[in-house]
Amino acid sequence: MRVERWDDGHLRDRVEDLAELLCETVAGGASVGFLAPLERAEAVAWWHERAAAAAAGRLAVWVAADGADRVTGTVSLAYPDKPNSRHRAELVKLMVHPRARGQGLGRRLLTTAEDAAATAGVTLLHLDTETGSPAEHLYRTAGWTRAGVIPDYAASPLGELRPTTLFFKRLGR
């Protein structure tokens, strides 16, 4: 399994594979901002928007691919555009394809993003995740600090309102 940062060109070139990852992630029950069933065209359009954000420098995207070059996971860092917040970034859309779960890929993607953020001079990361999800467990065991829970924050892929846990992690200390 290799993990590489992809620029906007790579994202556009592999948009169909990335859309398949997003659709399968949502179908597998992960709360990543979409309702099931997610239409492929919507997933393709969403990834095209991510490519534009990467081209503008607002987003950094890492993609994991297996030995057959199938996209198996991704994670991104979203950078704020305000001068008073350039020291931080938001960890967004950590996704692992259902066929690749349980092999440590989520932790590897998380570590990759954390290391890249620290190298870029980011000193604070933050994220939100569905309370009680496997992702919440990953962040807790990776040293992230729970900041609080917001009830009924987002709908699950099935449309049920669920609480969200906010986390942060200080880097370089």
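When you scan segment 125-138, do you find a residue that is over 18 Å from the mean Cα position of the chain (by Cα), within 21 Å of S76 (Cβ to Cβ) and either small (G, A, S) or modelled with pLDDT under 95 (or both), even just one? It would help to see each step written out before you state the result.
Taking segment 125-138 first, the residues over 18 Å from the mean Cα position of the chain (by Cα) are none.
No, segment 125-138 has no match at all.
Suppose we filter A53, A45, A41 for residues that are within 22 Å of A135 (Cβ to Cβ) and among the small types (G, A, S); which single one remains? Before the answer, list the steps.
Working: A45 fails: within 22 Å of A135 (Cβ to Cβ); A41 fails: within 22 Å of A135 (Cβ to Cβ).
From the options A53, A45, A41, the qualifying one is A53.
Out of everything in segment 43-94 that is more than 24 Å from P157 (Cα to Cα) and among the polar types (S, T, N, Q), what residue ends up being surrounded by the fewest Cβ atoms within 10 Å (Cβ to Cβ)?
N84
Take the residues in segment 30-87 that are under 25 Å from M1 (Cβ atoms) and of a type in the set (D, E, K, R), then tell me which one is nearest to the chain's Cα centre (by Cα).
My answer is R50.
Assess whether V44 counts as being in contact (Cβ under 8 Å) with a residue 12 or more places away in the chain, β-branched (V, I, T), on the phi < 0 side of the Ramachandran plot and touching a Ser or Thr at 6+ places or on another chain (Cβ under 7 Å).
Working: in contact (Cβ under 8 Å) with a residue 12 or more places away in the chain: yes; β-branched (V, I, T): yes; on the phi < 0 side of the Ramachandran plot: yes; touching a Ser or Thr at 6+ places or on another chain (Cβ under 7 Å): no.
For V44, the condition - in contact (Cβ under 8 Å) with a residue 12 or more places away in the chain, β-branched (V, I, T), on the phi < 0 side of the Ramachandran plot and touching a Ser or Thr at 6+ places or on another chain (Cβ under 7 Å) - is not met.
Report the residue count in segment 74-100 for those that are assigned to a strand (DSSP E or B) and touching a residue at least 60 places away in the same chain (Cβ under 8 Å).
Going through segment 74-100 one residue at a time, the tally reaches 3.
When only residues in segment 133-146 that are out of contact with any Ser or Thr (no Cβ under 8 Å at 6 or more places or on another chain) and closer than 21 Å to G104 by Cβ count, which is surrounded by the most Cβ atoms within 10 Å (Cβ to Cβ)? Can you show your working first?
Our first condition is that a residue be out of contact with any Ser or Thr (no Cβ under 8 Å at 6 or more places or on another chain); within segment 133-146, this holds for 134, 137-138, 140-141, 143-145.
Narrowing the set further to residues that are closer than 21 Å to G104 by Cβ leaves 134, 137-138, 140-141, 143-144.
Values: P134: 14, H137: 12, L138: 17, R140: 14, T141: 9, G143: 10, W144: 23.
Here the residue is W144.
Taking the condition of being more than 21 Å from G172 (Cβ to Cβ), of a type in the set (K, R) and at pLDDT 95 or above, how many residues in segment 83-115 meet it?
1
The values are calculated or read from the model by the stated rules, or taken from the named source; none is laboratory data. Small disclaimer: the values here were computed from a predicted structure and weren't measured. Ideal geometry is used to build each Cβ from the backbone, glycine not excepted, and the neighbour counts take in all protein chains shown.
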